[in-house]
């Protein structure tokens with residue numbers, strides 16, 4: 001079965017949103033209207049609507065870190081994750097959690113980074129040597 005997720009959430013400014021998702025993350029813009037814009041978010045559809053973003057708190061404990069909850073994200077092959085991490089650094093993105101590896105040498109070993117869009121919505125991008133390891137248990 002082939003499937004894609006669709007996620008819709010609020011942003012405060014569509015021009016800022018376009019600059020960030022399109023210009024910084026490199027996501028292709030899709031359909032839009034005066035109150036929303038769609039993006040191809042690494043092969044999935046996100047629909048960003050004008051409104052008040054959801055409340056976020058750093059309550060998700062992962063290893064030794066507290067991460068923002070709720071958050072959205074994507075898992076990439078490490079070969080794609082590393083250049084994206086470098087691109088975000090070059091664009092001076094402020095990280096909530098700097099690009100790093102966690103669970104090193106364990107099942108589920110992954111690279112991760114957390115940052116926020118201009119409206120404060122938290123995003124996590126994970127990297128795996130192989131996406132086959134995405135669901136490996138520690």
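The values are calculated or read from the model by the stated rules, or taken from the named source; none is laboratory data. Model, not experiment: these values are computed from the prediction. All Cβ positions, even for glycine, are placed from backbone atoms using ideal geometry, and neighbour counts span all protein chains on display.
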For this session: List the strands (runs of 3 or more DSSP E) that sit entirely inside segment 48-107 and contain at least 2 residues that are over 14 Å from the mean Cα position of the chain (by Cα) and either surrounded by 15 or more Cβ atoms within 10 Å (Cβ to Cβ) or touching a residue at least 12 places away in the same chain (Cβ under 8 Å) (or both).
Result: 57-62, 95-102
Seminar exercise, completed: residue 1: passes all of (1) at pLDDT 95 or above; (2) not assigned by TED's automatic domain parsing to the domain that holds residue 95 but (1)
Problem set entry | Given (1) within 26 Å of residue 3 (Cβ to Cβ); (2) at pLDDT below 95, index of the condition residue 106 fails | (1)
Seminar exercise, completed: Restricting segment 11-47 to residues that are farther than 30 Å from residue 102 by Cβ and in contact with a helix residue (DSSP H, G or I) (Cβ under 7 Å, 6 or more places away or on another chain), the one surrounded by the fewest Cβ atoms within 10 Å (Cβ to Cβ) turns out to be 29
Exercise. Taking the stated definitions as given, is residue 112 exposed (fewer than 13 other Cβ atoms within 10 Å of the Cβ), within 25 Å of residue 10 (Cβ to Cβ) and in contact with a strand residue (DSSP E or B) (Cβ under 6 Å, 6 or more places away or on another chain)?
Worked result: no
Exercise. Going through segment 3-42 one residue at a time, which ones are more than 24 Å from residue 56 (Cβ to Cβ), without any contact (Cβ under 8 Å) to a residue 40 or more places away in the chain and outside any strand (DSSP E or B)?
Worked result: 3, 34
